Amino acid sequence: MERFAVLSEMCFRFSQDIYLRTGAVPELDVEETVRRNVSIARRVFGDRFLEILATIYLKKSVGARELAAILGGLTTPDISRKLRVLEMAGLVETGPSFGDPDQTRFSLTHKGIVIARLGEPVFLYLRLAEGWNTPTSEVRPAADAEGAEKAADIHAEART
């Protein structure tokens, strides 16, 4: 966790350096900076776009049907519309599927990869903060049962 604090400080200093190099001072016009950041957040990270980017980043290339199945709660046409928005923003590009030439595969552009890489430490930090070795909710019941069995064995050994 200490390394994340160092990374956070480095990111802050990096941002301040960029502001200085560009002559922008966000503190002078906080309302405009907030307006621009909110606009970017809604356009790039809203409406499940962040989930889509994160999934494509990890899988490298994915079809719309596969992505809809992974994310759940979205139809293939919904995903296709969202992918087109991300493509127009220059974050996603299309390519043919090797197995099915009629199906389009989606991958990240250079810009999309940079955004995903910048966001990866955030996901990693949140996973660590939640417990790195904590299983997901889908496998938790089995893990809890196994943990209970081990605890019972330890207690039984302690009594003997």
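The values are calculated or read from the model by the stated rules, or taken from the named source; none is laboratory data. All values derive from a computational prediction rather than experimental measurement. Every residue, glycine among them, receives a Cβ derived from its backbone with ideal geometry; neighbour counts consider all protein chains shown. Areas reflect the complete protein model, heavy atoms only, side chains present, ligands, DNA and RNA absent. Shrake-Rupley method; radii C 1.70, N 1.55, O 1.52, S 1.80 Å.
3J(HN,Hα) along the stretch 38-45: 5, 4, 5, 4, 5, 6, 9, 10 Hz, from the Karplus curve 6.51 cos²θ - 1.76 cosθ + 1.60 with θ = phi - 60°, whole Hz, x for Gly and Pro.
So how do 1-9, 43-51 stack up, highest first, on mean other-Cβ count within 10 Å?
Listed from highest to lowest mean packing, they are 43-51, 1-9.
Taking only protein heavy atoms and a 1.4 Å probe, the accessible area of the stretch 1-108 is 58% carbon and sulfur. Between the residues V38, L50, L71, the greatest Cα displacement towards the positive end of the dipole of the stretch 24-103, with unit charges on the Cβ of Lys, Arg, Asp and Glu, is found for L71.
Proximity of backbone amide H atoms, modeled 1.01 Å from N, is registered between V92 and E87, T109 at under 5 Å, excluding neighbours fewer than 5 places apart on the same chain. Karplus-based coupling profile of the stretch 16-22, in residue order and whole Hz: 4, 4, 5, 4, 5, 5, 8, with θ = phi - 60° in 6.51 cos²θ - 1.76 cosθ + 1.60 and x standing for Gly or Pro.
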